[in-house]
Amino acid sequence: MKKWYQQTPDDVLDALGTLKSGLSSEKAAQLLNEHGENVLTEGKKKSTLQVFLSQFADLLVIILITAAVISMLSGNVESTIVIVAVILLNAFLGTVQHKKAEKSLDSLKSLSAPNAKVLRDGQKVEISARELVPGDILLLEAGDLVSADGRILENFSLQVNESALTGESTNVEKQDTLIVEEAPLADRTNMVYSGSLVTYGRAIVAVTSTGMNTEIGRIAALMNDTKEKKTPLAMVILIICGLVFLLSLYRRMPALDSLMFAVALAVAAIPEALSSIVTIVQAMGTQKMAGEHAIIKELKAVESLGCVSVICSDKTGTLTQNKMTVQNIYIDRQIIRPEDLDLKNQLHRYLLYDAVLANDSSIVDGKGIGDPTEFSLVEMARTIDLKDELLRELMPRLEEIPFDSDRKLMSAKYRLHGVPTILTKGAPDVLLERTGYLRTSEGVCPLTDEDRTAILAANLHFSENGLRVLAFGYKEVTYDDVLTLEDESDYIFLGLISMMDPPREESKAAVADARRAGIRPVMITGDHKITATAIARQIGIYEDGDLALTGAELDGLSDRELDQRIEKISVYARVSPENKIRIVDAWQRKGKVVSMTGDGVNDAPALKKADIGVAMGITGTEVSKDAASMILTDDNFATIIKAVANGRNVYRNIKHAIQFLLSGNMAGILAVLYASLTALPMPFAPVHLLFINLLTDSLPAIAIGMEPAEEGLLSQKPRNPKESILSGKFMQKLFVQGSLIAIATMTAYHLGLRSGDAETASTMAFATLTAARLFHGFNCRSEHSLLRIGFSGNWYSLGAFAAGILLLCLVLFIPPLQSPFEVTPLAAEQIGMIFLLAVIPTLIIQAGKIIAEAVCFILS
């Protein structure tokens, strides 16, 4: 029976429609162009026309159209034209905004898109999963997200979770080897499917379908045809309109004027820009984080980051540089340097065989592909001129048992000098438990207690110096033996190899920032407890009085005992995936918001369990990235702290934008209600409120959302996620600020009534409310006064203010615009009074902030 690589290209082409040894780059590009339209997307995108038409389904637009109809019935043609024109302008701007947001999200998705390892031009390369085409030879291993449907060519204990397709959560075992002549093409056990997760083993796969031609693509096509139903929310607004309409009729106002009152109040009451402003601020925060190596998969996770109070971080690559280099080797009962290894020495040669062959990494064009620990071993071999590619070509792997975080071992079978041999590497304490012999320069002898003590002492010495240690052993077997877990015993011990992964330079400062921000950093690692504690002490995670536990010690604690000790435990070593979930659960029982980092397939449950799961973008498996809320493209702990600061700033800016929108709308509501209750003429025409909402809502609110982070942001404690933005204190602030603006507005209104008529009063009220809300944008930038934060920190706010004032002046002073916007010419003193009254609320609010800051300074 021939394996896939033993067949002719025609054999494989006839049976699978694929190539034998991987596409050439030119052929891949050609197929990508041919099949590019099949790239799987999350659904059919709306056309520009569909997006434009959907803008008219908005509740506010419906109300404004009603206002236009009423205005037309009342004979005010110019006002009707203006309202319709602004509705069309709003729809146009909404369409542009939608398309820009769509493009922005697409760029973020491309950043977090999975990668795939393939054979191209006979070499193993890593490409974006979007570039896969039928005919590619796909290399899968534990932790990968399957990016295309494919036929298994060769299988090494492959297990796949296909719950995305079948709904079954249990893993599916795939057949060992595809025999093209005998395996039926319809046999699903010889297939892998896009969207599945590789949970164990590895395989070589021929890609048969990509994009919308895959199984999951067909499901997506069905979903695209399903229309989403929306629940109407108009009842709330209709109730508001109805109450005002009845109140106006009670005041014996004409029915048409009463209806206009109701529409005006509805327009003033709806913060129609609120949802889009929140989304824009979140999207801007997401883009900023992406530029700082943190890709946020869900917009809501941006502000959730501001609540994080515990960060459970992996050590390797996150707190350390993930640049493993071999330091010292314990072999033949002595410690030597890697450059002292001698290929002529059979003992040294066997250790090198184990290091290079029980290893799935490779180095292509100077770039390591695979686990950094593994390709540091390949680099070690290359320093003494051992050709790893030649060795692997001469000694093909016969069988293997992939690394497992529970076993903490990896085993592979080879023929060494004609003898079937199992080569194993793994955690020293685990491998020693399965070892009965020791190989020295004098030969193989039983492993004595003295030898075991010496090995453990060397391991302790390496660990105390913050080095990561792997143990190596081998075992000769008969050729017919099938490699099983039971074979991982009675090893001949070869030696220990220690590697240094120094702490990142920025880790210590980042840990200090985390503590200052009220965030508890915790290290969770699979390394030895002594190694982990040494690194944790160096960077400030482990302090005097703290505790360090192994996974076994954690298993010995009850939930009650863990709850009592959890706040003192800074380091967890030799942990299992179940341990990680238990740690997260224990912190969450304390009411903490937990962020958990991870990179392996077994980390996925803990990443899902955590409030903010953080996957590694460089070393992380696709499974961990799929489970996480955030992906670090630089695998750096310091990036998490930056993301937390950004998250806090995004939440703060959203809160301030909401404060601006609601306090401004509160002013409009109070002004309309005051006029309605006192039977005064309507203070605003519908076109006035439309102008105010369009002009003074969006631009200043977006500018507030662009406010940079303040210096003391990380000095604040994490906020309570259960605390509502609309707290009693916040609502009180809205009412006070809205009342100040409303008082200024209605003062201008009364001055207009005294000096002119209702049209003059309406013009003065409109201009005062508009200008006052523009000035109020400066108040909502920060909790601090303008004297403290200055004007130059946010040029967007100055630009929004200048644009608003310019447009207001155009409406007030350009005669062709006065009639459509229902304003009358004003005298110079009236203009001066408008701007004086408009700035007074801001002066009062700023004076209150300055006094509060002075009191705090004196008390401190």
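The values are calculated or read from the model by the stated rules, or taken from the named source; none is laboratory data. Since the structure is predicted, the reported quantities are computational estimates derived from the model, not experimental observations. Using ideal geometry, Cβ is built from the backbone for each residue, glycine included, and neighbour counts are taken over all protein chains shown. These accessible areas exclude ligands, DNA and RNA; they are computed on the full protein's heavy atoms, side chains included. Shrake-Rupley method; radii C 1.70, N 1.55, O 1.52, S 1.80 Å.
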Any chance residue 379 is under 21 Å from residue 599 (Cβ atoms) and either hydroxyl-bearing (Ser, Thr, Tyr) or open to solvent by 40 Å² or more (accessible area, probe 1.4 Å) (or both): yes
Positions within the stretch 138-164 being open to solvent by less than 20 Å² (accessible area, probe 1.4 Å), hydrophobic (A, V, I, L, M, F, W, C) and either farther than 13 Å from residue 202 by Cα or in contact with a Phe, Trp or Tyr (Cβ under 6 Å, 6 or more places away or on another chain) (or both), in sequence order: 148, 153
Residue that is nearest to residue 683 (Cα to Cα) [pool: residues in the stretch 738-789 that are outside any loop (DSSP other than H, G, I, E, B) and basic (Lys, Arg)]: 754
Residue 364 being among the β-branched types (Val, Ile, Thr), at pLDDT 70 or above, under 30 Å from residue 202 (Cβ atoms) and more than 31 Å from the chain's Cα centre (by Cα): no
Single residue of 524, 530 found to be open to solvent by 20 Å² or more (accessible area, probe 1.4 Å), hydrophobic (A, V, I, L, M, F, W, C) and under 26 Å from residue 470 (Cα atoms): 530
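Among the residues of the stretch 116-137, which ones are open to solvent by 10 Å² or more (accessible area, probe 1.4 Å), part of a loop (DSSP other than H, G, I, E, B) and modelled with pLDDT of 80 or more?
134 - this is the single residue of the stretch 116-137 that is open to solvent by 10 Å² or more (accessible area, probe 1.4 Å), part of a loop (DSSP other than H, G, I, E, B) and modelled with pLDDT of 80 or more.
Consider residue 396 carefully, then state whether it is free of Cβ contacts under 8 Å to residues at least 24 places away in the same chain and not in a helix (DSSP H, G or I).
In short, yes.
Examine the stretch 753-763 for a residue that is hydrophobic (A, V, I, L, M, F, W, C), within 45 Å of the chain's Cα centre (by Cα) and open to solvent by less than 40 Å² (accessible area, probe 1.4 Å), and state whether such a residue exists.
no
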When residues of the stretch 463-489 are limited to those that are open to solvent by less than 10 Å² (accessible area, probe 1.4 Å) and either of a type in the set (S, T, N, Q) or in contact with a Pro (Cβ under 9 Å, 6 or more places away or on another chain) (or both), the one farthest from residue 408 (Cα to Cα): 466
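Tell me, yes or no, whether the stretch 524-546 has at least one residue that is charged (D, E, K, R) and within 27 Å of the chain's Cα centre (by Cα).
Yes, there is a match, as at least one residue in the stretch 524-546 is charged (D, E, K, R) and within 27 Å of the chain's Cα centre (by Cα).
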Every pair of residues 6+ apart whose Cβ atoms lie under 9 Å, when the first sits in the stretch 811-822 and is more than 16 Å from residue 762 (Cα to Cα) while the second is open to solvent by 30 Å² or more (accessible area, probe 1.4 Å) and not in a helix (DSSP H, G or I): 815/825
Neighbours by Cβ (under 9 Å, 6+ apart or cross-chain): first from the stretch 331-352, part of a loop (DSSP other than H, G, I, E, B); second acidic (Asp, Glu): 332/442; 333/451; 343/385; 345/332
The listed residue being within 38 Å of the chain's Cα centre (by Cα) and farther than 30 Å from residue 514 by Cβ, out of 722, 733, 717: 733
Failed criterion for residue 571 (all others in (1) among the hydrophobic types (A, V, I, L, M, F, W, C); (2) touching a residue at least 60 places away in the same chain (Cβ under 8 Å); (3) surrounded by 24 or more Cβ atoms within 10 Å (Cβ to Cβ) hold): (2)
Neighbours by Cβ (under 6 Å, 6+ apart or cross-chain): first from the stretch 722-738, surrounded by 10 or more Cβ atoms within 10 Å (Cβ to Cβ); second not small (Gly, Ala, Ser): 725/655; 734/662; 734/666; 738/666
Flag if residue 399 is more than 30 Å from residue 334 (Cβ to Cβ) and buried (at least 18 other Cβ atoms within 10 Å of the Cβ): yes
Matching residues, the stretch 308-323, being open to solvent by less than 10 Å² (accessible area, probe 1.4 Å) and either in a strand (DSSP E or B) or not small (Gly, Ala, Ser) (or both): 308, 310, 311, 312, 313, 315, 318, 319, 320
Condition met for residue 746 (in contact with a helix residue (DSSP H, G or I) (Cβ under 6 Å, 6 or more places away or on another chain), closer than 22 Å to residue 666 by Cα and either touching a residue at least 24 places away in the same chain (Cβ under 8 Å) or of a type in the set (A, V, I, L, M) (or both)): yes
Output for the stretch 797-814, where each listed residue is of a type in the set (Phe, Trp, Tyr) and surrounded by 15 or more Cβ atoms within 10 Å (Cβ to Cβ): 801
Residue count for the stretch 324-370, restricted to those that are surrounded by 15 or more Cβ atoms within 10 Å (Cβ to Cβ), touching a helix residue (DSSP H, G or I) at 6+ places or on another chain (Cβ under 8 Å) and not polar (S, T, N, Q): 18
Where residue 784 falls short, out of the listed (1) open to solvent by 40 Å² or more (accessible area, probe 1.4 Å); (2) under 26 Å from residue 823 (Cβ atoms); (3) in contact (Cβ under 8 Å) with a residue 12 or more places away in the chain: (2)
Cβ-Cβ under 8 Å pairs, at least 6 apart or on other chains, the stretch 490-511 side surrounded by fewer than 19 Cβ atoms within 10 Å (Cβ to Cβ), far side modelled with pLDDT of 90 or more and in a loop (DSSP other than H, G, I, E, B): 490/434; 508/540
Qualifying position, being open to solvent by less than 10 Å² (accessible area, probe 1.4 Å), in contact with a Phe, Trp or Tyr (Cβ under 9 Å, 6 or more places away or on another chain) and either under 30 Å from residue 784 (Cα atoms) or at pLDDT below 85 (or both), among 701, 667: 701
Residue 655 open to solvent by 10 Å² or more (accessible area, probe 1.4 Å) and within 30 Å of residue 704 (Cα to Cα): yes
Residue under evaluation residue 794, criteria (1) modelled with pLDDT of 90 or more; (2) open to solvent by less than 10 Å² (accessible area, probe 1.4 Å), criterion not met: (1)
